Amino acid sequence: MGRVSEPQGQREEGRKRLLAAHVPQALSRLRTHHALEERGHDNIVRVGHADRAWSDFYHHALTIRWSSFFWYALASYVLVNTLFALLYMMVPRQVAGTRPGMFWDYFFFSIQTFSTVGYGVMAPVGPAAHAIASCELLGGMILNAVGTGLVFARFARPRARVMFSNSALIRKDGETSHLSVRVANQRLSPILSVDAELFLSRLIVQPNGRLARQFDPLVLVQAHIPVLRFTFSLLHVIDDHSPLHGLTVEELRKEEAEIVLTVTGTDEVSGQSVFARTAYGFDRVLYNHRFVDIIDASADGRITVDYTRFHATEGE
């Protein structure tokens, strides 16, 4: 038995040394991965996976910035009309009203054909020009329809104007501690049938020595809100069944713990589903604080919501 236990002890000691050597590197990679998730997708380089715009054109067209969308559309518009202008120049004297060799005459004729305007000053008179104009008309109708649909979809894309408090609060009320986060609706119209989910995200060392992010649900006192008109505080009781029970702040920080909050609902005006999310590291958690009340009733009976105090807290 002694011979068996000795190698086992050595292997266990070796595993600990190996874990101590590789955990910082893995932790750094996971930190970087999480940071990239928060920053967005523009600065992510994927190796071994080609993210081609044409393979998912609709998604790319909806998610790029408005400035990028405008410049891409303008460049495509100029490029298409330039190509057709060069084609018209290859069949001289078949477009009435143009001067031979004058690129801009053919370019603006292409614009009129592409947009189906047709002022009547310039017109195709030869079979080759008619064939080119027919192709441009068909392509112009399709591209104009696609462009109009994309612009409308970008404007009509549902966005949840949900405000989250800058800090999460942990407060002890008698013998019970609870975690609270405040959310608010920034629109005049309410958000209906709101569902909120709260998770504790931690980097946990697996039995094989690898690090993996684990999400433990934090049960809310009220996870469903029928109508979110102004503001609401989400509460999680830290009892014996809570994943936060018994954990110290030092342990949570070592595990890169975060509180992840997701909110889904239905916009009353558009009837579309809206989604919002945020995360709180434990450097953004305040202890023994509570949120300042921001809703008040004026003398004339109107409700006043002071969003300037939305993030304000007071200690106890």
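Rule-based calculations on the coordinates, nothing more; no lab input. Fair warning: this is a prediction, and the values are worked out from it, not measured in the lab. Quick reminder, even Gly has a Cβ in these numbers, built from the backbone with ideal geometry, and neighbours come from all protein chains shown.
Loop-located chymotrypsin sites (Phe, Trp or Tyr not before Pro) in the stretch 276-316 (DSSP state not H, G, I, E or B) with no more than 11 neighbouring Cβ atoms inside 10 Å do not occur. If you take the Cα centroid of the stretch 160-198 and the Cα centroid of the stretch 249-316, the two points sit 4 Å apart.
Give me the percent of Cα-Cα pairs in the stretch 86-176 that sit more than 24 Å apart, rounded to a whole number. Within the stretch 86-176, distances greater than 24 Å cover 48 percent of Cα pairs. Residues in the stretch 138-155 carry Karplus couplings, in order, of 5, x, x, 5, 5, 5, 5, 5, 5, x, 4, x, 5, 4, 5, 5, 5, 5 Hz; the curve used is 6.51 cos²θ - 1.76 cosθ + 1.60 with θ = phi - 60°, and Gly or Pro positions show x. Under the classification rounded if a/c is under 1.5, otherwise prolate if a/b is larger than b/c and oblate if not, where does the stretch 261-316 fall, given a ≥ b ≥ c as square roots of the Cα gyration tensor eigenvalues? Cα axes put the stretch 261-316 in the oblate bin.
Summarised as an ellipsoid, the stretch 105-229 has semi-axes of 61, 22, 11 Å, derived from the eigenvalues of the Cα gyration tensor scaled by 5 and square-rooted, with the largest first. Of the trypsin sites (Lys or Arg not before Pro) in the stretch 237-316, the ones in a loop by DSSP (not H, G, I, E or B) with at most 13 other beta carbons within 10 Å are Arg302. Remark on Glu268: its backbone amide H falls under 5 Å from those of Leu192, a criterion applied only to residues 5 or more positions apart or on other chains, H modelled at 1.01 Å from N. When you count the other C-beta atoms within 10 angstrom of each residue and take the mean per peptide, 199-211, 144-156, 126-138 line up highest first as 126-138, 199-211, 144-156.
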